[in-house]
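Here the structure comes first, spelled out in structure tokens, and everything after it is commentary.
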Amino acid sequence: MSAGARVLDSSRVDTHQGGILYVEGVSVAFDGFKALDDLNLYLDEGELRCIIGPNGAGKTTLMDVITGKTRPDTGTIFFGSNVDLTTLEEHEIVNAGIGRKFQTPTVFEQHSVLENLEVAAKANKRVWSSLFGTTSAVVRDKILEVAETVGLAQTLDRQAGNLSHGQKQWLEIGMLLAQDPMLLLVDEPVAGMSQHEVERTGELLSGLAGSHTVVVVEHDMEFIRSIARKVTVLHQGRVIAEGEMDDVQQNPDVVEVYLGE
Amino acid sequence: MKLPGFMAIVITMAFAGVEVRAEEAPDFNEALQGLGSKSRTTILKSIDQLSELNDPRSLSALEALLGKRLRSDDHDGLFIVDESGEIFVDALTGEEVRVDPDSLKTPRINNRVRRSLKPLIARLRLRNPDVSIRLAAAEELENRPSADAADSIRLALEEESDQTVRNVLEVALARIELKSDDPQLRLGAVEVLGEHGDRNQEAELVALLDQNEDGQFAESDPAVREAAQSAIQRIQRTAFLNDMAGHFFYGLSLASVLLLAALGLAITFGLMGVINMAHGEMLMLGAYTTYVVIGLFEQHLLAWLDWYLLIAVPTAFLVCAAVGMLLERGVIRFLYGRPLETLLATWGISLVLIQTVRLTFGAQNVEVANPSWLSGGYEILSGVVLPWSRIAIVMFSITTVAVVWWLLQRTRLGLYVRAVTQNREMAAGLGIATSRIDMLTFGLGSGIAGLGGVALSQVGNVGPELGRSYIVDSFMVVVLGGVGNIMGTVVAALGLGVLNKFLEPVSGAVLGKIFVLGFLILFIQRRPQGIFALKGRAAEA
Amino acid sequence: MPELHTGRHPMHSARAWWLLACFVAIAAVMVPVFNLVPDEDSIWKLPDFLIPLFGKFICYAIVALAIDLIWGYAGILSLGHGVFFALGGYAMGMYLMRSIGTEGVYGNELPDFMVFLDWKELPWFWYGFEYFAFAFSMALVVPGALAFGFGWLAFRSRITGVYFSIITQAMTFAFMLLFFRNDTGFGGNNGLTDFKRILGISLQEPGTRVGLYVVSVIALLGTYLACRYIVCSKLGRLVTAVRDAETKLRFTGYDPLQYKLFVWTFSAVLCGLAGALYVPQVGIINPSEMQPANSIEMAIWVAVGGRGTLVGAVAGAWLVNATKSWFTVAAPETWLYVLGGTFILVTLFAPRGLVGLLESVRLRGRADSTSPTGSEEVDP
Ligand SMILES: Nc1ncnc2c1ncn2[C@@H]1O[C@H](COP(=O)(O)OP(=O)(O)OP(=O)(O)O)[C@@H](O)[C@H]1O
Ligand SMILES: [Mg+2]
């Protein structure tokens, strides 16, 4: 059994060396088009990392390869120093402790807000315990707490499909929180949110950093600036710059990519 | 085992020869008159004499004897009556005569007489100017080799110019010479059989290699045996190739039918995402349209009956396209984006269509006759006859695919169709009348199925459930080919058709079909997107 | 604000439990009593021929529940459930065949059709079917195993939607062809029939018929409760999540394959059970049960009643089949029009079936009167 194969809970992820995600030499091609090109990315535990880049830079694809939705053609992806993500299936990666919010909000439209959160909540996710098990009081409290955090405590019985776009965004963030992953991948969280909500989201994500590792993909520079500590710039599937927001903005390559368009 | 019988024949013939030679050359008239005799022995003797005279004038009398149209009176008169039984001709002079039919007797013949009559008639017919009669005669001789015929065959071979007839004659001669005493002749015969022979002659060659209890070969000459050995191999090889060619062709024609059935489906399912369970019924409607068109021709345009297909093809297309468009407007357009419900609703439509046809035309199969220019077939190799109707279907489906491809890839309509299928809102935004395009696309798909129906009517029965037997197969073709992919559909139809026909002889038709379905189910597991997978984000939806 | 349930939701309100109990009392007690107790010509007498007919309907209701579970809740439309039903039926039919013993037309140990085919020995796959317990468990195991294998292959390759429907149709078609062959060993196109007795009791006795009917009612009750248990559990909600957003569920940490496979296999087993109960009551099983058309018809029962609600599925099965029984006698020519029309009209105008229609009527009534009526049983 190779290191980390079939890890089903996050306690088995080894982060003693401080790193939580090691993406090395990853390439992905679609019909010859290189969406990711020999990409390297390292994340430290507890970090909040922002990833920016023009449209089509490969940001979503990067999240796809980390979460197993797309398999890399070459390269390795390790979660902690021992879990090889390229050998795991999507749901196993989730159970290992990686949560993801999609670019377009997806929730279970036919279910109530409460049920959405309950489905997401950390639990044994196998068939038998879903059939015969019950949800413990601890989990229930956690769900209610999350609902409070994302401002949906008053709408728990609403059908998720009837929520507004922004509320769905919040619900999806809430589901991510209920899942309580070690690593959160958040793709464009503030699209479609009001200024006030953008601020709240920023606070929420900043607050999570430290106890969690957070990766945020955004186009909204204002928002990035408000939360960013370290920024990675992707372009044509490669990392062209990495560092503090101000340094990165001075980087001639980055300037060219953004202004050259 | 075979030898004694064979020897007996040789001996009898030898004596017969001797007997005839002892007499004067028989008189033609006398010999001919003998055919009208009451005694079968006399008839047989006359036949022998005529056989020796080998005079073409005797042919019509001999044919008449075989066809029970020969009459004799009590005064050595011999007459041939025509099929209608009213016109009598003198057998000797060939002139029409008036006689009292009641005074005439019909000479009675038995199988023994028939056996000696047939080869003689065939021999005489070999001189007929009509190639097809000569061919039939040659085949008759090939099937009933008799030593008498050898000389006439040699003679005929000298004059024969048609290659097919020559081949048959050579085989016929070889079969006779195989029994000759001369090893040299036998050797030649074996070689000829190896070259032109088929499965029928294989047994004869195999018999040469038989050994009796004493270890003696039926064929004494080792050289002949060796030649026989290699001739057998050659025959088997040709037979095998013929079989393969036959399977391939029948597979091809099945593939063409499948393709016509599936092509429309590839358009409605592949391009529009609509599962049309009533698609098979479009085939059925196309076939019934053909039936109706024939009926109309028979009533009003009997002289042009042979050309009914020229009308049936466009009519079937239009009828089915119209029904298809009606369905699209009336039902399917309300169900876009709900594929499973579309599936059920169209199944309902198919029930209604089937029942309507059943009540209109009856539950029994109706027969659709091929036009005369499509009956018969073309023999590519001996034993492999390709029926014209199937050849026509192959051509027809190739043409249809080409036209459809052209329509979709090279015309404005095709461009719109592809635009709408890729992004409906965007296309609408660009001013394309999407709902009109939907209707036309659906009409096109259904119309093509109608064409498939015309094709089906040419090779099989037409009944209300006709479509049912093709629907599973055509879905398989579409799924296998990769949805929305015309090229994939063609390849999948070809593959399935040919695979089916090659499996049939090995496993029987039903098991073959089961294997194919099983294979498909497994194949789809491996490549859910079909042979030509759509790639990219679109495929994930 | 209504109560917020997490974990297992309660299966029924007290009122719904009462309704269920009443129904069971009528079906399992009143029907037999009215059949057996009154005299032949009494107006209270329930005619004998109705008992197997009702029994048939009960079996169909089990099938409808099975299909509803997989289609209504998990969103997977099977066009091949007829196979599972027929396999269950064949397993029971084989037992019934074997228990004819030497009383067949040929007086042979072997079933008549084997004697007719000049077979000398029982094929190996008929071994053990002389025992009821074995045959009955096979009626559940064989459909279950087939469904498991098929489902595992299909779901693993992430075949969904209409693709899945189409290959299930191909599956039932292939099985039908297979069973039509004489050499397959299940009686060819005549199937298995001319049964004499079950568990040593003659099938002709009125008591046997009533007994089988009551057993079917109990099986239906069990099936209903099991399905209800499933859809009220968290698994029920996960299965609907598979239907609505499978990818999202996967990224929430669940393996949709396991969930689909579970309901799919369970559904097939239920069909096998229905088939096993059906065959002794109708007295025949043959390959035409595997016709693709039959399986599609099963789907329409559920669509008519209202998929996604268990009560709807059962009601749909009864309504469609009662209509069918009436039409095929009274106006056989129009039956296909009625059926075809049902397919079209239900999908166009009542996508949520009768239950959906009733609900919208009730909601409108409630909106008009603004007085809250008692909380009826509403399926999750
Ligand atoms: N499944 C796929 N098939 C084909 N091409 C793909 C696929 N997924 C991504 N791509 C291509 O890879 C490139 C990177 O896409 P990606 O979605 O990662 O960009 P992005 O950085 O997230 O852009 P945006 O900011 O617009 O969301 C794009 O050119 C896209 O077209
Ligand atoms: Mg993106």
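Need the full-extension length gain, residue A:84 to residue A:157, defined as separation in residues times 0.36 nm minus the C-alpha distance. One decimal, nm.
22.3 nm is the gain from fully extending residue A:84 to residue A:157.
Modelled label-to-label distance, residue A:249 and residue B:229, 7 Å Cα→beta-carbon offset: nm?
9.6 nm
Efficiency by 1/(1 + (r/R0)^6): what FRET value for residue B:99 and residue B:144, r their Cβ-Cβ distance, R0 = 30 Å, to the nearest 0.05?
0.30
According to a simple spin-label model (label point 7 Å from Cα along Cα-to-Cβ), what is the distance in nm between residue B:356 and residue B:244?
Placing both labels 7 Å beyond Cα along the Cβ direction yields 4.9 nm.
Check which residues have an amide H placed less than 5 Å from residue C:291's amide H, if you skip close sequence neighbours.
none
Pop out the ³J(HN,Hα) list for region C:270-280 in order, Karplus 6.51 cos²θ - 1.76 cosθ + 1.60 with θ = phi - 60°, rounded to Hz; leave Gly and Pro as x.
Result, rounded to whole Hz: 4, 4, x, 4, 4, x, 5, 7, 5, 4, x.
Rounded, prolate or oblate: which fits region B:126-220, taking a ≥ b ≥ c as square roots of the Cα gyration tensor eigenvalues, rounded meaning a/c under 1.5, else prolate when a/b beats b/c?
It comes out prolate by the Cα gyration axes.
Find which of C:350, C:90, C:287 sits farthest along the positive direction of the dipole of region C:14-374, computed with +1 on the beta-carbon of Lys and Arg, -1 on that of Asp and Glu, about the Cα centre.
Of the listed residues, the answer is C:350.
What pairs from B:513/C:248; A:34/A:101; B:38/B:118; A:69/B:513; C:56/C:196 go past 29 Å between their alpha carbons?
Pairs exceeding the cut-off: B:513/C:248; A:69/B:513.
Could you work out how far apart the two model spin labels at residue B:298 and residue B:159 are, taking each label as a point 7 Å from the Cα in the direction of the beta carbon, and quote it in nm?
Result: 4.5 nm between the two label points.
Each residue of region C:165-179 in turn: what ³J(HN,Hα) in whole Hz from Karplus with 6.51, -1.76, 1.60 and θ = phi - 60°, glycine and Pro shown as x?
In residue order, the calculated couplings are 4, 5, 6, 5, 5, 4, 4, 5, 4, 4, 5, 4, 4, 4, 6 Hz.
Take every residue in peptide B:369-379, count the Cβ atoms of other chains within 10 Å of its Cβ, and give the average of those counts.
Average per residue, whole number: 0.
Output wanted: per-residue J couplings in Hz (rounded whole) for region B:158-171, from phi through Karplus 6.51 cos²θ - 1.76 cosθ + 1.60, θ = phi - 60°, x for Gly and Pro.
Computed from phi, the couplings for region B:158-171 are 4, 9, 4, 10, 6, 5, 4, 4, 4, 4, 5, 4, 4, 5 Hz.
Report Rg(Cα)/(2.2 N^0.38 Å) for region C:123-273, keeping two decimals.
1.29
Would you mind getting me the FRET efficiency between residue B:375 and residue C:121? Use the beta-carbon distance for r and R0 = 60 Å, nearest 0.05.
After rounding, the FRET efficiency stands at 0.75.
For residue A:28, what residues show an amide H to amide H distance below 5 Å, using hydrogens built from the backbone and excluding near sequence neighbours?
Placed amide hydrogens put A:35, A:36, A:37, A:38, A:73 under 5 Å from residue A:28.
Nearest 10 degrees, 0 to 90: what angle lies between the long axis of helix C:234-250 and the longest principal axis of chain C (Cα atoms)?
So the inclination is approximately 80 degrees.
Output needed: percent of Cα pairs per 20 Å distance bin for chain B, bins running from 0 to the one holding the longest distance.
Each 20 Å bin holds this share of Cα pairs: 18, 34, 28, 17, 3, 0.
Mind listing the long-range amide H neighbours of residue A:101? Cut-off is under 5 Å, sequence gap 5 or more, other chains count too, H placed in the peptide plane at 1.01 Å from N.
Sorted by chain and number, the residues that satisfy this are A:185, A:186, A:187.
Placing +1 at every Lys and Arg Cβ and -1 at every Asp and Glu Cβ, with all other atoms neutral, what dipole size does chain C have around its Cα centre, in debye to the nearest 20?
Dipole about the Cα centre, nearest 20: 1380 debye.
Where does the protein assembly as shown land on the Kirkwood hydrodynamic radius, alpha-carbon pairs, in angstrom?
36.6 Å
What is the packing order of peptides B:185-191, C:193-199, taking the mean over residues of other C-beta atoms within 10 Å and listing the highest first?
The densest-packed peptide leads the list: B:185-191, C:193-199.
Could you work out the local net charge near residue B:250, counting Lys and Arg as +1, Asp and Glu as -1, over the other residues with Cβ closer than 10 Å to its Cβ?
Taking every Cβ under 10 Å from that of residue B:250, the sum is +1.
For residue B:430, what is the net charge nearby, where nearby means another residue's Cβ is under 15 Å from its Cβ and Lys, Arg count +1, Asp, Glu -1?
+3
Check the straight Cα-Cα distances from residue A:122 and name the aspartates and glutamates below 16 Å, setting aside those fewer than 8 residues away within the same chain.
Within the straight-line limit of under 16 Å, residue A:122 reaches these aspartates and glutamates: A:9, A:90, A:92, A:141, A:145, A:172, A:180, C:255.
Order of C:227, C:22, B:320 from fewest to most other C-beta atoms within 10 Å?
By the 10 Å Cβ count, ascending: C:22, C:227, B:320.
Identify the residues of region A:33-64 with backbone N under 11 Å of a label point that sits 7 angstrom from the Cα of residue A:229 along the Cα-to-Cβ direction, or state none.
A:44-50
Rounded to the nearest 0.05, what FRET efficiency do residue C:183 and residue A:103 give with R0 = 51 Å and r taken as the Cβ-Cβ distance? Could you check?
Here the calculated transfer efficiency is 0.35.
So how tilted is helix B:468-481 from the main axis of chain B? Cα-based, degrees 0 to 90, rounded to 10.
Between the helix axis and the principal axis of chain B, the angle is about 70 degrees.
What does the charge dipole of the protein assembly as shown about its Cα centre add up to, to the nearest 20 debye, if the Cβ of each Lys and Arg holds +1 and the Cβ of each Asp and Glu holds -1?
That gives a dipole near 3040 debye.
Around residue B:329, what is the net charge, scoring Lys/Arg as +1 and Asp/Glu as -1 over all other residues with Cβ under 15 Å from its Cβ?
Residues close to residue B:329 contribute a combined charge of 0.
Under the rule a/c < 1.5 gives rounded, and otherwise a/b versus b/c splits prolate from oblate, where does region B:245-539 land using the Cα gyration tensor?
Oblate.
Averaged across C:252-264, how many Cβ atoms of other chains sit within 10 Å of each residue's Cβ atom?
Taking the mean over all residues of the peptide, I get 6.
In percent, how large is the relative contact order of region C:97-241, given Cα pairs closer than 8 Å and 6 or more residues apart?
20 percent
Any idea how far the Cα center of region A:75-124 sits from the one of region B:103-117, in Å?
Spelled out, the Cα-based centre of one part sits 95 Å from the other.
Coordinate-derived values only; no laboratory data. All of these numbers come straight from a predicted model, not from anything done at the bench. Reconstructed Cβ throughout: ideal geometry from the backbone, glycine too, with neighbour counts over all protein chains shown.
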